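Structure first, commentary second.
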Amino acid sequence: MKVAVEVVDAADLMPKDGQGSANPFVEVEFEGQRQRTQTKAKDLSPAWNETLLFNVADPALIPHRTIDVCVYHERSRSASLLGGGGGRHHPNFLGRVRVSGVSVALSTAEAQVQRFPLEKRGIFSHIRGDIALRAYALPDAFSSSAANAAAAAPAPVEPAPFVGDPALVDAKKVKKKTKSPSAVAPEEPRVLYSIPASGATGGGVPPAPVMSVASVAHARPEPPPGAVVHVRPPAMARPGPEFGLVETAPPLASRLGYRGRDKISSTYDLVEQMRYLYVNVVKARDLPTMDVTGALDPYVEVKLGNYKGTTKHLEKNPNPVWRQVFAFSRDRIQSSQLEVVVKDKDLVKDDFVGRLVFDLVDVPLRVPPDSPLAPQWYRLEDKKGDKLTRGELMLAVWMGTQADEAFPDAWHSDAHSVGLDALANTRSKVYFSPKLVYLRVQAIEAQDLVPSDKSRPPNVVLKVQLGHQLRRTRSVAGSVNPSWGEELMFVASEPFDEPLVFTVEDRVAANKDEPLARLLLPVSAAYRRTDHNKAVESRWYNLAKPTAPKEEAVDGEKKEKFSSKIHLRLYLEMGYHVLDESTHYSSDLQPASKQLRKPSIGILELGILSARNLIPMKAKDGRTTDAYCVAKYGPKWVRTRTLLDTLTPQWNEQYTWEVFDPCTVITVAVF
């Protein structure tokens, strides 16, 4: 058994070379074995993408061991260019991380890239930045396959300093140092294979190739403990199309068979089960006042290892109510205790009110359809663990899955750096597009229009507006009773609360229209036609002046009554579907009327598991991405939760749609 530690990259390191930069490299120590990466010259956000292998005598002891990771600045400029170890110069310390063996994944497929903030070595250390690591166990199948390749290959060649591509360096090294006649002959193209997972192929059959190289050294046996396996970035490792389908075999309930034990086996059978520690902070009562003024602005901090969630602070309230749920991923739990602290918000320093401490081994497991765990009152304790005379906190703590009802609205440790105000933008959502319907407006004629300038014949045009949609009829000259006989088409959306605005205008000049009359009609007043063969009756509507709605009497005399009218035919085409998508990617062809729709032919289930090799979108923040996934079918849109600072997000969320036509398309996108 071996443990692989993949050093991905680091971000925002402290400059150490006196010129505002650094030459960083990483040194990893595990089980008495120490290895290091290449040195990256003049780079405060370096990317290594190197995998270091360590021998493990007893795999059962891995959870009880610690991986020590240190980042150093290489003082020797020549050594940094060659990528070798700087033995002549003592390196400068840039930060360290201690990773518990519990974080080591059992296989490559389960391993996730995790970012760790760099820690100080001493009080006077000036450290900043973070590092991305990925740790996983390699089964014995990897050792046996490497040994078989070594037996069939020539004698290995001593390693040379790394310059550029390691594969090309090996090829040059063979041509230089090998003295046998076979070395003069042209090299056979070799293929680099990915490290097999736990279900490695047997019988000498190699796994699927990752990258083909024209001139690569002969196959060598498994590298010794002090060697480094150089892995290219994923974007360079797979030539060919930028996007494609990759078949995987994750451990899903639908593949393993329905067990019927819990909701995750049936309702969430297309995604992998994910465990979360849930903390429901409900309310507090009889909290002691901390200020001399007697006021209390309480809030709650929920801390688990390096993760901390905070509720809103409520001003001058000794009996606050929060009703806030926090969810901590079990894969990222770095502590055996959960601490819930009540504090008083202050201008200078927040005061400690009381706390509660829970051992994770005592937290109950709850899986739907079990009833939600009822919250309980807990007496607050001081920092020494003694019960306070005043102050109680009502909360519930349980271990659950993503099938829990509290999951969508909870604060997640995956988005721990997001404030409460922006928290809603990182949560899962399901929403529906408003139903669109074609609206036909037939402008027939108008009567008894009153032109403002009676010295010339009017040039009448009708303007109709619905929201941002504007349509005009042709102009009719020389009559106060114009006849248009035109049909205008609009797209209206439910709940049809936008008004239709009709304006009769006199075209005075080429770019100048003077309003003569106006009419406002709600779209809901239009007739809803489901049979296209049925004729719709027209109606006369009274027009109003475009000025004030009420005319007041002047000198005791009333003004002339305004009696202009317009003849219209309005109806909504409920038997048609508004094509708001590309015809090649249509997901809904149903008519607007529910009575005309066909019954559904089945349910479409979609499990959004994970993504990998995403493009870094946050170059300034360590080349990471805040990824979320969106899927659309018909009027229903779904959005997964946002996972911060990761290029390999794992959502494991499942959604369903009703399907009415098999010749439709579902669209899935990552943002």
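I need the full set of residues from region 55-78 which are at pLDDT below 90, under 22 Å from Ala11 (Cα atoms) and either in a helix (DSSP H, G or I) or open to solvent by 20 Å² or more (accessible area, probe 1.4 Å) (or both), in order please. Arg75, Arg77, listed by residue number.
Screening Ala295, Ala327 for residues that are modelled with pLDDT of 85 or more and hydrophobic (A, V, I, L, M, F, W, C) leaves exactly one candidate, Ala327.
For region 508-520, the set of residues classified as modelled with pLDDT of 85 or more and surrounded by fewer than 17 Cβ atoms within 10 Å (Cβ to Cβ) consists of Glu514, Pro515, Leu520, listed by residue number.
Within region 114-139, the residues that satisfy the criterion of being of a type in the set (A, V, I, L, M), buried (at least 16 other Cβ atoms within 10 Å of the Cβ) and assigned to a loop (DSSP other than H, G, I, E, B) are Leu118, Ile127. Please verify whether region 486-505 includes one or more residues that are open to solvent by 60 Å² or more (accessible area, probe 1.4 Å), touching a strand residue (DSSP E or B) at 6+ places or on another chain (Cβ under 6 Å), without any contact (Cβ under 8 Å) to a residue 24 or more places away in the chain and among the charged types (D, E, K, R). No, region 486-505 contains no residue that is open to solvent by 60 Å² or more (accessible area, probe 1.4 Å), touching a strand residue (DSSP E or B) at 6+ places or on another chain (Cβ under 6 Å), without any contact (Cβ under 8 Å) to a residue 24 or more places away in the chain and among the charged types (D, E, K, R). Within region 1-54, the set of residues being aliphatic (A, V, I, L, M) and surrounded by fewer than 19 Cβ atoms within 10 Å (Cβ to Cβ) comprises Met1, Ala41, Ala47.
Conditions tested, residue by residue: (1) modelled with pLDDT under 90; (2) over 23 Å from Asp331 (Cα atoms); (3) hydroxyl-bearing (Ser, Thr, Tyr); (4) open to solvent by 40 Å² or more (accessible area, probe 1.4 Å).
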position: Ile608; (1), (2), (3), (4): no, no, no, no
position: Arg612; (1), (2), (3), (4): yes, no, no, yes
position: Val630; (1), (2), (3), (4): no, yes, no, no
position: Tyr633; (1), (2), (3), (4): no, yes, yes, no
position: Val638; (1), (2), (3), (4): no, yes, no, no
position: Leu644; (1), (2), (3), (4): yes, no, no, no
position: Glu653; (1), (2), (3), (4): no, no, no, no
position: Glu658; (1), (2), (3), (4): no, yes, no, yes
position: Ala669; (1), (2), (3), (4): no, yes, no, no
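Based on what the data block shows, is Val450 modelled with pLDDT of 90 or more and either among the hydrophobic types (A, V, I, L, M, F, W, C) or over 27 Å from Ala535 (Cβ atoms) (or both)?
no
Scanning region 458-468 for residues that are within 20 Å of Arg569 (Cα to Cα) and either touching a helix residue (DSSP H, G or I) at 6+ places or on another chain (Cβ under 8 Å) or open to solvent by 50 Å² or more (accessible area, probe 1.4 Å) (or both) returns Gln465, Leu466.
Residue check: Arg323 meets all listed conditions (1) under 30 Å from Pro649 (Cβ atoms); (2) open to solvent by less than 30 Å² (accessible area, probe 1.4 Å); (3) assigned to a strand (DSSP E or B) but one, namely (2). Restricting Gln650, Gln590, Gln595 to residues that are in contact with a strand residue (DSSP E or B) (Cβ under 6 Å, 6 or more places away or on another chain) and of a type outside the set (D, E, K, R) narrows the list to Gln650. Could you tell me which numbered condition Ala111 fails, if it satisfies all but one of (1) outside any loop (DSSP other than H, G, I, E, B); (2) over 23 Å from Thr39 (Cβ atoms); (3) at pLDDT below 90? Just one mismatch for Ala111, condition (1). Number of residues in region 294-312 that are of a type in the set (A, V, I, L, M) and surrounded by fewer than 18 Cβ atoms within 10 Å (Cβ to Cβ): the value is 1.
Look through region 521-530, keep the residues that are assigned to a strand (DSSP E or B) and without any contact (Cβ under 8 Å) to a residue 60 or more places away in the chain, and return whichever of them is most open to solvent (accessible area, probe 1.4 Å). It would help to see each step written out before you state the result.
Applying the first criterion (assigned to a strand (DSSP E or B)) to region 521-530 yields 521-522, 527-529.
Next cut, without any contact (Cβ under 8 Å) to a residue 60 or more places away in the chain only: 521-522, 527, 529.
Values: Leu521: 20, Pro522: 65, Tyr527: 95, Arg529: 29 Å².
Across region 521-530, the extreme among qualifying residues is Tyr527.
Condition check ((1) surrounded by fewer than 17 Cβ atoms within 10 Å (Cβ to Cβ); (2) among the small types (Gly, Ala, Ser); (3) more than 22 Å from Gly305 (Cβ to Cβ)) across all residues:
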position: Val348; (1), (2), (3): yes, no, yes
position: Asp359; (1), (2), (3): yes, no, no
position: Leu365; (1), (2), (3): yes, no, no
position: Tyr378; (1), (2), (3): no, no, no
position: Lys383; (1), (2), (3): yes, no, no
position: Lys387; (1), (2), (3): yes, no, yes
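Could you check, for region 617-635, whether at least one of its residues is in contact with a strand residue (DSSP E or B) (Cβ under 8 Å, 6 or more places away or on another chain), under 30 Å from Arg597 (Cβ atoms) and in a loop (DSSP other than H, G, I, E, B)? Within region 617-635, one or more residues are in contact with a strand residue (DSSP E or B) (Cβ under 8 Å, 6 or more places away or on another chain), under 30 Å from Arg597 (Cβ atoms) and in a loop (DSSP other than H, G, I, E, B).
The values are calculated or read from the model by the stated rules, or taken from the named source; none is laboratory data. Predicted, not measured: the structure shown is a model, and the values here were computed from it. Virtual Cβ from ideal backbone geometry, glycine too; neighbours counted across all protein chains shown. Protein only, heavy atoms only, side chains kept; ligands, DNA and RNA dropped before computing areas. Shrake-Rupley method; radii C 1.70, N 1.55, O 1.52, S 1.80 Å.
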